[in-house]
Amino acid sequence: DGSREQRIEHPADDSKPLFLPDGSGIVFMSNRRDVRDLWFLPVADGRPSGEARLVWRGATPFGTADRFADNGSLFYYFYTNANGTYTVPVNPAATSIGELTRVAPVLSEPNTGAAFSPDGRYLAHFRGAAAGRVVIRELATGLEREFSFGAQLGEGAIRWCTGDSIIATGSLSGSVAYRVNIKDGSVQSLHIVPNPAIAPLCVAGGEEIVYAPSNPAIEQKALVRRAVRVAKPIII
């Protein structure tokens, strides 16, 4: 009746709420686990009547809870796009390039942010609309290894650090960076705030990185050099 409003306080990014038909609760999107999920909050007399609970892990971020059916089923629609990754043979002596070959998507998930290994044998790329996973593909055989960051990177970039590791950056709820060890499959979160569109450059045999920070406190044109295992950066 418009007589009062009740704000649901939480430091997370909550969005796209939808009431159940009987008003007993709402579903909404939230990044309370650092990834986008669908949550449910019980409501009574126009106020929260309990704790929010997770109902759909990793819900497609580019979507919306549309409406409820009479039987309580939730209609959720989402969209994807035709982004893809292609390889093409190039002869420097020729005036044209070869045939495009698309890296086949899995379950219609887009492949983005691709980067060749230094020896040209492997292709690393993100898989999925929110870039929460990276795939290492052996080009000769098509065999894949997939690694998960445990978080969504949004739009990101990949750079091969050495033949054994890659650096991946992204930004969804702030800039993040990870190093993936190709040999043992470990994923290391790097405590840096890089420009998400520009992956760090590895130097000193992969023991140090140079990156452009996305930090308003640091001069925009500055570069930072630091050891991967050392917390304190050096501005250069």
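The values are calculated or read from the model by the stated rules, or taken from the named source; none is laboratory data. Since this is a predicted model, take the numbers as computed values, not measurements. FYI the Cβ positions are ideal-geometry reconstructions off the backbone, even for glycines, and counts take in every protein chain you see. Side chains are part of the model used for accessible areas, which takes the heavy atoms of the whole protein and leaves out ligands, DNA and RNA. Shrake-Rupley method; radii C 1.70, N 1.55, O 1.52, S 1.80 Å.
Can you give the net charge of the other residues whose Cβ lies under 13 Å from the Cβ of Ala124, counting K and R as +1 and D and E as -1?
Working: positive: Arg121, Arg127, Arg133, Arg137, Arg145, Arg159, Arg179; negative: Asp119, Glu138, Glu144, Glu146, Asp164.
Local charge sum for Ala124: +2.
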_Amide H contacts under 5 Å for Tyr76, placed H, 5+ residues apart_ = Asp66
*How much accessible surface does His10 have with a 1.4 Å probe, in Å² rounded to 10?*
80 Å²
*Within-10-Å neighbourhood charge of Glu138 [Cβ basis; K, R +1; D, E -1]*: +2
*Mind listing the long-range amide H neighbours of Ile192? Cut-off is under 5 Å, sequence gap 5 or more, other chains count too, H placed in the peptide plane at 1.01 Å from N.*
Ala177
*Karplus-derived 3J(HN,Hα), 6.51/-1.76/1.60, for each residue of segment 158-163, Hz, glycine and proline x*: 10, 9, 6, 8, 9, x
